4 protein chains.
Amino acid sequence: MAGNTFGKLFKLTTFGESHGKAIGGIIDGCPAGITLDLEAIQNELDRRKPGQSKIVTQRKEPDTVDYYSGIFEGVTTGTPIGFVIHNTNQKSKDYGHIKDVYRPSHADYTYDKKYGIRDYRGGGRSSARETASRVVAGAIAKQFLSSIEINAFTSSVGDIFIDKPYQDLDFSKIESNIIRCPDEATAKKMITKVEEIKKQGDTIGGTITCVIKNVPVGLGEPVFDKLHAELGKAMLSINAVKGFEYGSGFCGAKMKGSEHNDLFNADGTTKTNLSGGIQGGISNGMDIYFRVAFKPVATVIQKQDALNSAGEIVEMQGKGRHDPCVVPRAVPIVEAMAALVLADYLLLDRVTRL
Amino acid sequence: MAGNTFGKLFKLTTFGESHGKAIGGIIDGCPAGITLDLEAIQNELDRRKPGQSKIVTQRKEPDTVDYYSGIFEGVTTGTPIGFVIHNTNQKSKDYGHIKDVYRPSHADYTYDKKYGIRDYRGGGRSSARETASRVVAGAIAKQFLSSIEINAFTSSVGDIFIDKPYQDLDFSKIESNIIRCPDEATAKKMITKVEEIKKQGDTIGGTITCVIKNVPVGLGEPVFDKLHAELGKAMLSINAVKGFEYGSGFCGAKMKGSEHNDLFNADGTTKTNLSGGIQGGISNGMDIYFRVAFKPVATVIQKQDALNSAGEIVEMQGKGRHDPCVVPRAVPIVEAMAALVLADYLLLDRVTRL
Amino acid sequence: MAGNTFGKLFKLTTFGESHGKAIGGIIDGCPAGITLDLEAIQNELDRRKPGQSKIVTQRKEPDTVDYYSGIFEGVTTGTPIGFVIHNTNQKSKDYGHIKDVYRPSHADYTYDKKYGIRDYRGGGRSSARETASRVVAGAIAKQFLSSIEINAFTSSVGDIFIDKPYQDLDFSKIESNIIRCPDEATAKKMITKVEEIKKQGDTIGGTITCVIKNVPVGLGEPVFDKLHAELGKAMLSINAVKGFEYGSGFCGAKMKGSEHNDLFNADGTTKTNLSGGIQGGISNGMDIYFRVAFKPVATVIQKQDALNSAGEIVEMQGKGRHDPCVVPRAVPIVEAMAALVLADYLLLDRVTRL
Amino acid sequence: MAGNTFGKLFKLTTFGESHGKAIGGIIDGCPAGITLDLEAIQNELDRRKPGQSKIVTQRKEPDTVDYYSGIFEGVTTGTPIGFVIHNTNQKSKDYGHIKDVYRPSHADYTYDKKYGIRDYRGGGRSSARETASRVVAGAIAKQFLSSIEINAFTSSVGDIFIDKPYQDLDFSKIESNIIRCPDEATAKKMITKVEEIKKQGDTIGGTITCVIKNVPVGLGEPVFDKLHAELGKAMLSINAVKGFEYGSGFCGAKMKGSEHNDLFNADGTTKTNLSGGIQGGISNGMDIYFRVAFKPVATVIQKQDALNSAGEIVEMQGKGRHDPCVVPRAVPIVEAMAALVLADYLLLDRVTRL
């Protein structure tokens, strides 16, 4: 019951440390008969991969995925899809200096205390490299979500926010800039901010907003497995995430019922959508939208005090090749996790009625 | 795989509609040998029950819990604990007017579309009455969390916020006022606010902050079942919740790494705690704290447009006895769900090492 | 993760000790929209209940089931079905003599060692009384299995066996005698045998055969959750079961491939059915049939040595009202467990393809 | 919820088709800190591998296992262990003749009907090649079962049975002959039998007995997850298994209670052990023993009628390199599945009491 599986019917189990031989996973429960577009999967991986632009880590990893099973002549067979991404560009010697050192706000200390042993190289299992497997599975899930559209984008970096409602944004612009913000003027400011931060050897947090359109009415399993509860868990399981809100979110907590209620149109749609497309834990057919908060990456290229395993405070200097801001690379991860939840809940909904 | 079970080893499954014969649940996986303080459980239920003060719904339900199994001579036996709370004060006739009507921002529409049938009386399964079963289970969980202390409190109502860090609050004051805010001056303002709102026949949202002290290092199951991811799901599964953040939360997304990192003391504690007691999904021994956003209750005692099952917009007037603000009664629910997560993760952690 | 839940999508969780207030369960995942025949459920309970004939225990328990949720105006709503059977005729004082005594071949010793505490009255949780909850859930499952027919019957008592293949039996005769054997001549011999055994204060084992007709092709989830593996687990979870075989079973282990293979007809049916209706863990549309071995009831009304908790061998005399042969009352339990498996696998199969 | 995962806390998920790129799996929940003997794991694989003797299939596959994660400097880290066995000696052209043909008593027909597509080469997912992954995981499980000893052996081939109780056998002799029968005289007869059968182009069934010693008292999770129920499911999930019995098994169904009961010794052990080491679903510290029935391999090297996908009966001739008797290679598989169950239940038992 260690927690490396996600999903109930469409299930992803992942394995792998950042500096081991490989990472990968098994997707169990992918329906049979889906013709997979493998290039589309690789494209999603490329959106997540290191080295893709000047504002992300300069590590070069091709992140090519190898499929070992579950696909026959390009079509899913209903048997488990085993896949592997070999680790090819690990510079493990970059990490010799942290062998016995717990970096602040990393998982070094907690892993060591919990397990009594850890693969310290590059963060090991706690590295965000693990999310590449999620992107593979999410990209497969997307391929049977048919008309459902999932678009995530960078909605803030530090204190620079998009100041428009998502309805005014053109999602086709998300990939037009390296920060993945569909509002070009804001994107420029964000990129400049990240470049400044990078020069300082520092890092910066941000938020990602995700909008899901064309969701059928009826997805969600009351009472504990409400659709937004599962989306929340999915997002909170991504490295560096500190918060999740959907629909009116934390703003909704300041409102009155008379202004928060979404009045119906005669066709069952609603005039407003403060509910965020989910009522009682079940999708109502309106857009689902939510916002995810990412803290700044903990590895700064500055001198910092750390703790060693002997219980001494030691000075350390961040090395390696790190992201000054995790948000642009996290956009495809947010989409992937959303796709996993929706795929799973689409399947779950099939057994609601006879 | 309908979603009425919570937990992996310490598992709660609930049943019951607000106007059926009874609600209740089964706790499977409660360790054997725990001498239960049944009065303490009833006290938690009383904190949640309707009619407890002038600012909550005036329904009168005793919410007395009956134990059917799993306890022998006051001690848990390791077998499932079946418990029931009989519904005694349902005024089902209050709900005849919504039989064929979908109230705005309720679960009426989505339940009907998903299941094709619903017990419309009092919200049926979607009623927050279901959370009474969670409070029972959470109160049992608390009894074997030994030194772990869980304190939730109302941190905002509408735009009235406590303006102090939680460290400056005296949690023993939480129960000293009916809004469950430990800061007395703020509590008064909040109560006045709710009374005003109630007079308007309106409702208001709010937030609850929860602080968990004395958590051992090592709770949390990477990578999908990170401790905060499960806490987030637990909270988001509570009726009316729109958002969850822990540690620095959404504020953290505006910060720089150099200011966000929690530097170590030599004993493994940290000088600051923006991490919120969890690093890499695993507790680090510092206080865990998080904040939960509740939207305003959807039932307002005002005329509103609704949709009926024939696809017509009809005017309706909220009736029944409803909460103007859900937050004070939700405090014990937040604590209960936190207790369920911690109990489960304490047990899970026992199999981490040989 | 205590083991009181059965099923993946159609899930039954049970609670209850034989001499507690009540036993019961929660069925989660029953599809919405099923009009339930509650009388049919009670009939199944009556087939299992004590006191139904001279060859079973003479305890008198009405075993009336109370539904607390999940059913609205006679129709399932898709929400969890909570149900309770109150314990009404426990003679707990019958069990005072075993308070500190471990009866041979009972669960007294193992429960005590595992949990450190047990409700010793009437076997507590280890009593077969718990299976009444399975019968309720199985009877509900049967109601949406539509054309699938499940017939179990007593195929042997001691060394008295039906010497005909099941195809030569008339299943409508199963309920025509108190041993539930459809072959009347054999039934008579079996009943005489049980009466003799009862007079001796002894007990006797037996087997039940179950035949399932009209199963659609395609039920079963390779590789670990093969249909027969789940049926086997279901049967082995019933009290007193020592063995399970399906199709050719243990006889098949003596055969040659050339004689064991089931050759096809052009319509996909097979000329023989040594496979027992399952190939590769998946139903092939032929009859599924299997045989379940029950040991003799351990409580004999004779003097026997037992062990007490002080580590002394003590003489004890079985008291109470016990079954001389468990098999006739186990017939509806076998059917119920088979129904639970089939219901679950029917739902699981719905997500096999898009 | 496709069925490719086994276990609750010590969980194995497998992937792979016999003629795809690779097979393998992920073990999630292996405790941290176990120094693995990788050679011992390979030895178990070698016991299962094809080509090991004249009486098994003459395919040559090295079955070398590659570890991708979860092990650091030879020690388990508590993170998932990803492992892969590359397929190296597939002769896929051997299977062109079955592309559109359903072989009798194989899984061809049922897979095709269930999934609408299958990798027909070598049986694909339904091939017993998948069990190699189980052997890897089982061999890892064995390494933390400490003093628990698991010994399986061939107890019958066709109608040749060992006629001694297991207590009279010397388990150290199991590996001394190619049929894996510890009784040398019987082993010789069995080997001769298999050789004859092989010459005929036929196959033969058999049984495997498994004896588990030094099991602590208390393993097993009532009521559905009784220890023997899980062992039964584990065994029934192995290819070609038709039956499972433990303790007195089907013989017990012929006995009287007065002769079947296992009387206690003062130390809690029992004078006899017809219970098979399990009472009420929980181990009692006595030897656990059970017997598993394997049908004859369905592929015979003789002409047989088969069905093609056009609905025509066609004559086919088994080709390829097949086992005349599956039992000797299944011995390590039975042990592996037993080890997985015990490892899982050992961990589960850790949360029984506080």
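Each reported figure results from applying straightforward, stated rules to the coordinates on display, with no laboratory input. All values derive from a computational prediction rather than experimental measurement. Every residue, glycine as well, gets a Cβ built from its backbone with ideal geometry; the counts of neighbours run over all protein chains shown.
Between C:Cys251 and D:Lys188, take the C-beta separation as r, use R0 = 30 Å, and let me know the FRET efficiency to the nearest 0.05.
Given R0 = 30 Å and the Cβ-Cβ separation, E is 0.75.
What do you get for the angle between helix A:38-48 and the principal long axis of chain A? Use alpha-carbon atoms, 0 to 90 degrees, nearest ten.
60
At q = 0.10, 0.13, 0.14 Å⁻¹, work out log10 I(q)/I(0) for chain D with the Debye formula, treating every Cα as an identical point scatterer and leaving solvent out; two decimals please.
-0.64, -1.07, -1.22
Would you mind giving the mean number of other chain beta-carbons within 10 Å of the Cβ of each residue in D:56-62, as a whole number? Kindly include the intermediate steps, with their values, before the conclusion.
On the way: counts 0, 0, 0, 0, 0, 0, 0.
Going residue by residue through D:56-62 and averaging, the value is 0.
Which residue fluctuates the most in chain B, going by a Gaussian network model with Cα springs under 10 Å, if the choices are B:Val223, B:Val101, B:Val56?
Answer for the Gaussian network model of chain B: B:Val223.
Given points 7 Å out from each Cα along the Cα-Cβ axis, report the B:Asn308 to A:Asp170 separation in nanometres with one decimal.
For the pair B:Asn308/A:Asp170, the computed spacing is 4.6 nm.
Using the Karplus equation 6.51 cos²θ - 1.76 cosθ + 1.60 (θ = phi - 60°), what ³J(HN,Hα) coupling, rounded to whole Hz, does each residue of region C:277-288 give in order, writing x for Gly and Pro?
x, 9, 10, x, x, 10, 4, 10, x, 7, 4, 8
In terms of modelled amide H atoms, which long-range or inter-chain residues lie less than 5 Å from the amide H of D:Asp225?
Answer set, sorted by chain and number: C:Gly3.
Would you kindly derive the ³J(HN,Hα) couplings of region B:126-133 from the backbone phi angles with the Karplus curve 6.51 cos²θ - 1.76 cosθ + 1.60 (θ = phi - 60°), listing them in order in whole Hz, with x for Gly and Pro?
So the J values, rounded to whole Hz, are 7, 5, 5, 4, 4, 5, 4, 5.
Looking at this model, which pairs from A:Lys242/B:Lys256; A:Lys49/B:Lys256; A:Lys242/B:Lys226 are more than 18 angstrom apart at the alpha-carbon?
A:Lys49/B:Lys256
Longer than 29 Å from Cα to Cα, which of A:Lys11/B:Lys99; C:Lys173/C:Lys199; C:Lys113/C:Lys303; C:Lys21/D:Lys8; C:Lys60/C:Lys303 are they? Say none if no pair is. Can you show the working numbers first?
Details: A:Lys11/B:Lys99 38 Å; C:Lys173/C:Lys199 27 Å; C:Lys113/C:Lys303 25 Å; C:Lys21/D:Lys8 31 Å; C:Lys60/C:Lys303 25 Å.
Going by Cα-Cα distance, A:Lys11/B:Lys99; C:Lys21/D:Lys8 fall outside the 29 Å limit.
Dimensions of region B:107-180 along principal axes (Cα, Å, largest first)?
Over region B:107-180, Cα extents along the principal axes are 51, 37, 19 Å.
What's the magnitude of the charge dipole for the protein assembly as shown around its Cα centre, counting Lys and Arg as +1 and Asp and Glu as -1 at the beta-carbon? Answer in Debye, nearest 20. Present the calculation step by step, with values, prior to reporting the outcome.
Working: 176 positive and 168 negative charges, 1 e Å.
Computed charge dipole of the protein assembly as shown: roughly 0 debye.
Once both axes come from the Cα atoms, what is the angle between helix A:327-349 and the longest principal axis of chain A, in degrees from 0 to 90, rounded to 10?
Rounded to the nearest ten degrees, it is 40.
Projected onto the charge dipole of chain A (+1 at Lys/Arg Cβ, -1 at Asp/Glu Cβ, origin at the Cα centre), which of A:Phe290, A:Val326, A:Ile34 gives the Cα projection farthest towards the positive end?
Result: A:Val326.
Partner chain Cβ atoms within 10 Å, averaged over the residues of D:197-203 - can you pull that number for me? Walk me through the numbers before you get to the answer.
Details: counts 3, 0, 0, 3, 2, 5, 6.
What the average comes to for D:197-203 is 3.
Select from C:Ser53, C:Ser275, C:Ser18 the residue whose mean-square fluctuation is largest in a Gaussian network model of chain C (Cα-Cα springs shorter than 10 Å).
C:Ser53
Under the rule of at least 5 residues apart or a separate chain, name every residue whose amide H is placed under 5 Å from the amide H of A:Ala32.
Residues meeting the amide H criterion: A:Gly78, C:Arg353, C:Leu354.
Let me have the relative contact order for chain B, percent, based on Cα pairs under 8 Å that are six or more residues apart. Don't jump to the answer; show the numbers that get you there.
Working: 716 pairs, mean separation 77.7, N = 354.
That works out to 22 percent.
Can you give me the long-range amide H partners of A:Val314? Hydrogens built in the peptide plane at 1.01 Å from N, cutoff under 5 Å, separation of 5 or more residues or another chain.
Under 5 Å from the amide H of A:Val314: A:Ala306, A:Leu307, A:Asn308.
Have a look at D:Thr77, D:Thr299, D:Thr203 and tell me which one the Gaussian network model of chain D (Cα, springs below 10 Å) gives the largest fluctuation.
Residue with maximal mean-square fluctuation among D:Thr77, D:Thr299, D:Thr203: D:Thr77.
Across peptide C:311-318, how many C-beta atoms of other chains are within 10 Å of each residue C-beta, on average?
Details: counts 5, 2, 4, 1, 0, 0, 0, 1.
Mean number of neighbouring Cβ atoms from other chains: 2.
Run the Debye formula on the Cα coordinates of the protein assembly as shown, all scatterers equal and no solvent, and tell me log10 I(q)/I(0) at q = 0.04, 0.06, 0.07, 0.08 1/Å.
-0.23, -0.53, -0.74, -0.97
As I understand it, the dipole of region B:5-352 uses +1 on the Cβ of Lys and Arg and -1 on the Cβ of Asp and Glu, about the Cα centre. Which of B:Ala338, B:Thr186, B:Leu145 lies farthest toward its positive end?
Farthest towards the positive pole: B:Thr186.
Helix C:184-199 versus the longest principal axis of chain C: what angle, 0 to 90°, nearest 10, using Cα atoms?
20
Quick check on packing: order C:66-75, C:107-116, D:229-238, B:19-28 by the mean number of other C-beta atoms within 10 Å, highest mean leading.
Numbers: C:66-75: 18.8, C:107-116: 24.1, D:229-238: 28.0, B:19-28: 25.7.
Final packing ranking: D:229-238, B:19-28, C:107-116, C:66-75.
Using the Cα centre of region C:23-113 as the reference point, and only Cβ charges (+1 on K/R, -1 on D/E), how large is the resulting charge dipole? Debye, rounded to the nearest 20.
In debye, rounded to 20, region C:23-113 gives about 600.
Against the globular-protein guess of 2.2 N^0.38 Å, express the Cα radius of gyration of region B:229-335 as a ratio, rounded to two decimals. The partial results should precede the final answer.
Values: Rg = 20.4 Å, N = 107, 2.2 N^0.38 = 13.0 Å.
For region B:229-335, the normalised Cα radius of gyration is 1.57.
Quick one: putting +1 on the C-beta of Lys and Arg, -1 on the C-beta of Asp and Glu, what dipole do you get for region D:5-352 around its Cα centre, in Debye to the nearest 20?
Values: 43 positive and 42 negative charges, 200 e Å.
So the magnitude is around 960 debye.
Which listed residue (D:Gly158, D:Ser176, D:Ala253) has the Cα farthest towards the positive end of the charge dipole for chain D, taking +1 on Lys and Arg C-beta and -1 on Asp and Glu C-beta about the Cα centre?
Toward the positive end, the furthest listed residue is D:Gly158.
To the nearest 500 deg cm²/dmol, what mean residue ellipticity at 222 nm is calculated for the protein assembly as shown from DSSP H runs of n ≥ 4 alone, each contributing -39,500 (n - 2.57), summed and divided by the residues? Present the calculation step by step, with values, prior to reporting the outcome.
Details: 32 runs with 352 residues, N = 1416.
Result for the protein assembly as shown, helices only: -7500 deg cm²/dmol.
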